[in-house]
Amino acid sequence: MTARARKRSPLLTVLTAIMLLYSLVPLVWLFINSTKSQASLFDSFGLWFSGDFSLFTNIRDTLTYDDGVFVRWLLNTLLYVVLGAGGATALATLGGYALAKFDFFGKRAVFAVVIGAVAVPTTALAVPTFLMFSKLGLTNTPWAVIIPSLISPFGLYLMWTFAAEAIPGELIEAARVDGAGELRTFLKVCVPLLAPGIVTVSLFTMVATWNNYFLPLIMLKDPDWYPLTLGLNSWNDQAATSGGQAVFNLVITGSLLTILPLLAAFLFLQRYWQSGLAAGGVKD
């Protein structure tokens, strides 16, 4: 028996297959039902096609419904992701590098605060955040979503551990001896080495911001500033309102369109975020 054969585990194979089904079945259901009309959704099996193939019609109707408000929600979401997730990644990179490579008074206290912040669910901070932003007059503005998104304790911790392993101290000292300042050393020497960790943190923060629902729900009242999550939920709730139009086919199609950018980002950056997750877990 070869070493490769001995490493095979039927139990692990079965568990992997179950997890694969658990991950793929909702996506398959979403795609199949995006091809159905409003009427076909309720008189056909959910995991098989029925009637006319209405995917392209549904996409057109989703993008044009209610004067194209879906496109506005998409642009809002992109704004929140670029400024919120991008800013969170930049701050986590700077903070993680500083915590990993500089010694200063209170470093242990900072570590304890970061670990504690990772353990606190974001929903527990939603009400205090709302009250603070209400005092500042920032509710019902994009800043009420962007500013809280800039803080990512998990991203900071991930970059901290990654920078500690990915950047040799000797390399930083060599750059300093050659006359490079701290900023130049960070940008020219350290950032290229931190690239896998940066991509990993950016993906995590992007997904968190893209799927953020509760924070915009309590912060925003104007539908023009809704992200996709809140906007699609408002479409879904139309059927329960008096005189509201049921557009479940558009909700499903909009949900499909919503996840496509995330799937593309993960597939395109797969090799970076996998190495970023693995870094720091194995030492020589």
Next on the checklist: If residue 144 meets every condition in (1) of a type in the set (Gly, Ala, Ser); (2) surrounded by fewer than 18 Cβ atoms within 10 Å (Cβ to Cβ); (3) under 26 Å from residue 228 (Cβ atoms) apart from one, which number is that one?
Outcome noted: (2)
Checklist outcome for this item: Looking across segment 70-122 at residues that are without any contact (Cβ under 8 Å) to a residue 40 or more places away in the chain and under 17 Å from the mean Cα position of the chain (by Cα), the single one that is surrounded by the fewest Cβ atoms within 10 Å (Cβ to Cβ) is 121
Checklist entry - Does segment 54-62 contain any residue that is in a loop (DSSP other than H, G, I, E, B), closer than 17 Å to residue 247 by Cα, over 25 Å from the mean Cα position of the chain (by Cα) and modelled with pLDDT of 90 or more? => result yes
Checklist entry - Here is a list of conditions, (1) within 16 Å of residue 256 (Cα to Cα); (2) buried (at least 17 other Cβ atoms within 10 Å of the Cβ); (3) touching a residue at least 24 places away in the same chain (Cβ under 8 Å), and residue 37 meets all of them except one; can you say which number that is? => result (2)
Next on the checklist: Scan segment 253-261 and tell me whether some residue there is assigned to a helix (DSSP H, G or I), surrounded by 12 or more Cβ atoms within 10 Å (Cβ to Cβ) and free of Cβ contacts under 8 Å to residues at least 12 places away in the same chain.
Outcome noted: no
Next on the checklist: Please go through segment 183-219 and give me each residue that is touching a Leu at 6+ places or on another chain (Cβ under 7 Å) and either among the hydrophobic types (A, V, I, L, M, F, W, C) or in a loop (DSSP other than H, G, I, E, B) (or both), ordered by number.
Outcome noted: 189, 199, 201, 203, 207, 210, 213, 217
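Here is a yes/no grid of residues against (1) in contact with a helix residue (DSSP H, G or I) (Cβ under 9 Å, 6 or more places away or on another chain); (2) at pLDDT 90 or above:
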| residue | (1), (2) |
| --- | --- |
| 123 | yes, no |
| 126 | yes, no |
| 135 | no, yes |
| 138 | yes, yes |
| 142 | yes, yes |
| 154 | yes, yes |
Checklist entry - When residues of segment 129-164 are filtered for being touching a residue at least 60 places away in the same chain (Cβ under 8 Å), assigned to a helix (DSSP H, G or I) and over 19 Å from residue 91 (Cα atoms), how many remain? => result 3
Checklist entry - Out of curiosity, is residue 171 farther than 22 Å from residue 207 by Cα and in a helix (DSSP H, G or I)? => result yes
Checklist outcome for this item: Exactly one of 281, 244 is more than 28 Å from residue 193 (Cβ to Cβ) and either in contact with a Cys (Cβ under 7 Å, 6 or more places away or on another chain) or modelled with pLDDT under 75 (or both), and that residue is 244
Next on the checklist: Looking only at segment 147-168, how many residues end up being within 16 Å of the chain's Cα centre (by Cα), surrounded by fewer than 22 Cβ atoms within 10 Å (Cβ to Cβ) and more than 23 Å from residue 77 (Cβ to Cβ)?
Outcome noted: 0
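The values are calculated or read from the model by the stated rules, or taken from the named source; none is laboratory data. It should be emphasised that the depicted structure is a prediction, and the values quoted were computed from it without experimental measurement. Neighbour counts run over all protein chains shown; Cβ positions are idealised from the backbone, glycine included.
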